[in-house]
Amino acid sequence: MTIRLLAILILFALTPTALAADDTRNAVYNERVRSLQLFEGDSPFAVVGAAAMTLGDDCGIRVEFDILADDRQYLRYSITHCNADWRPSGLAYMEYVDGFNEGQVEDFAYSEVTGVHYVHYVIRIPDGQMRPLISGNYLLAVWDEGDGPGQPLLQCRFVVTEQTADVDGTVSGRTDVDYNRAHQQLALAVDTRRAGVRSPFSDLIVTVEQNGRPDNAVTLSRPLRVQGTTAIYEHDPKLVFKAGNEYRRFETSTLSYPGMGIESMDFVSPYYHATVMTDKSRANESYHYDETQNGAYTVREYNHDIPGSTLAADYVVTHFTLDYPETPGLSFFVDSDAFQRRFGPESMMRYNSGTGRYELATLLKQGQYSYQYLAVPVGATTGRTDVIEGDRFETRNLYRVYVYRRMPGDRYDRLIAVATLRYR
């Protein structure tokens with residue numbers, strides 16, 4: 001591969017997705033912004049989906065990201081309160097934030113002895129500048145001080161929960177669609193005794209995400225029945241999910257030799273290049289158990305612990321290859337938190353007629369990655385797992401449940417519970 005061709009591939013892969021004005025999903029707007037991750041409390045491991053904090057708790061969430069540069073930028077950030085559908089609630093800033101309406105990003109550090117220079121930034125919520133006053137969904141936006149909030153560099157979701165409702169649930173392969181084959185079905189019981197819910201039939205909104213994917217998230221507006229103060233959600237078609245398969249994995253924590261799932265590690269000035277082992281369809285294969293991060297990733301450099309890797313890990317041109325025939329009418333995307341779970345040019349596989357394979361080259365920070373391939377039909381917004389990954393009921397999917405309360409007269413959706421369920 002020539003340097004010119006490589007430069008073209010990287011530029012194309014890093015081109016930011018054109019976003020609609022009402023698009024409130026996690027997003028990176030600038031090609032120099034990399035490795036956006038969200039954490040809960042002091043955990044060194046990024047969360048799958050929106051990071052959650054409890055209202056009034058000082059141990060909140062943190063947002064971390066890099067900007068490829070030699071010097072720091074003067075960054076500012078703000079948070080916007082949203083309803084259950086992630087649309088702005090329309091509340092005045094002073095109604096949902098204690099503090100300033102904008103904050104300055106003061107926590108930053110420079111990369112250490114890396115070929116690709118970057119500055120690492122950290123934002124903590126709450127901090128000395130702002131603290132959420134009410135529960136619900138929040139959208140955080142970051143911009144350069146010189147450009148203003150109209151030109152954000154990135155945006156990401158987090159939630160503030162009251163945890164006044166108790167959620168119990170099950171995930172089963174025995175579904176209303178099939179029996180231990182290609183689907184998983186959830187059954188939920190939401191006890192609202194402590195949440196002050198008057199009518200569970202009309203006052204509750206429940207959202208469920210599978211592995212942090214926004215494309216196939218579902219919203220339930222009404223339970224099947226109510227037993228005392230407990231709302232029961234079961235035998236609802238929306239709670240039947242395609243089971244998918246265990247996420248694929250690779251590791252680039254060392255540049256000295258190929259790690260797990262890596263075919264080769266080479267240096268072609270000015271970058272290291274990691275070639276992920278060629279992937280093939282698993283649609284017709286039997287299920288194989290694996291313990292993965294369900295699409296999340298962990299930054300890691302072999303000679304450092306996880307916190308130390310934040311500044312020591314280098315950026316590597318990572319090459320994905322999918323051995324699959326050209327399929328008109330379908331686009332293939334790498335689904336991972338590394339790409340903010342978006343169907344855009346940064347995660348899209350492109351067919352190479354010379355090799356007869358789909359390919360993608362992009363800059364990723366050293367670490368341990370989990371990913372899968374989603375097929376998206378023309379005009380669709382939901383990815384299909386059955387084409388490349390296959391659907392196996394045994395898959396250890398992670399489901400996150402968000403319970404909101406909206407009573408008559410309320411001006412916003414209160415988040416009263418967040419719970420996590422996993423198959424087996």
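For the reader, a short list of remarks on this structure follows.
- Carbon + sulfur, % of accessible area of the chain - ligands and nucleic acids excluded, 1.4 Å: 50 percent
- Judged by the mean number of other Cβ atoms found within 10 Å, the most tightly packed of the peptides 347-353, 362-368 leads the ranking 362-368, 347-353.
- Share of pairwise Cα separations in the range 77-141, more than 14 Å, in percent: 61 percent
- Cβ-based net charge around LEU360, under 14 Å, with every Lys or Arg adding one and every Asp or Glu removing one: -1
- Label separation (THR219 vs SER202): 1.9 nm, computed from points 7 Å beyond Cα along the C-beta direction.
- With each label modelled as a point 7 angstrom along the Cα→C-beta vector, the ASP144-SER353 pair spans 3.9 nm.
- Heavy-atom accessible surface of the chain, averaged per residue, reaches 43 Å², computed with a 1.4 Å probe.
- Percent of alpha-carbon pairs separated by more than 14 Å within the range 138-180: 70 percent
- Proximal lysines to LYS365, defined as alpha-carbon separation beneath 29 angstrom and excluding residues fewer than eight positions away on the same chain: LYS280
- Relative to the current alpha-carbon distance between THR382 and HIS288, full extension at 0.36 nm per residue lengthens the span by 31.3 nm.
- Over the chain: helical MRE at 222 nm, DSSP H runs n ≥ 4 each giving -39500 (n - 2.57), nearest 500: -1500 deg cm²/dmol
- With all projection directions averaged, the alpha carbon convex hull of the range 142-228 covers 8.8 nm².
- Estimated dipole of the chain in Debye, rounded to 20 [Cβ of Lys and Arg +1, of Asp and Glu -1, Cα centre]: 1160 debye
- Summing charges over neighbours of GLU145, with a neighbour being any other residue whose Cβ is under 14 Å away from its Cβ, gives -3 when K and R count +1 and D and E count -1.
- Positive contributions from Lys and Arg (+1) and negative ones from Asp and Glu (-1), summed over other residues with Cβ under 10 Å from the Cβ of ASP176, come out at -2.
- Label-to-label distance, nm, for residues given as SER269 and ILE232 (7 Å Cα→Cβ offset): 7.1 nm
- Probe 1.4 Å - accessible area at TYR96, Å² to nearest ten: 10 Å²
- One decimal place: the segment CYS59-ARG72 gains 2.0 nm when fully extended, by the rule 0.36 nm per residue minus the C-alpha distance.
The values are calculated or read from the model by the stated rules, or taken from the named source; none is laboratory data. As the structure is a prediction and not an experimental result, all values here were calculated from the model. Don't worry about glycine lacking a Cβ; one is built from the backbone with ideal geometry, like all the others, and counts go over all protein chains shown. Side chains included, ligands, DNA and RNA excluded: accessible areas come from the protein's heavy atoms. Shrake-Rupley method; radii C 1.70, N 1.55, O 1.52, S 1.80 Å.
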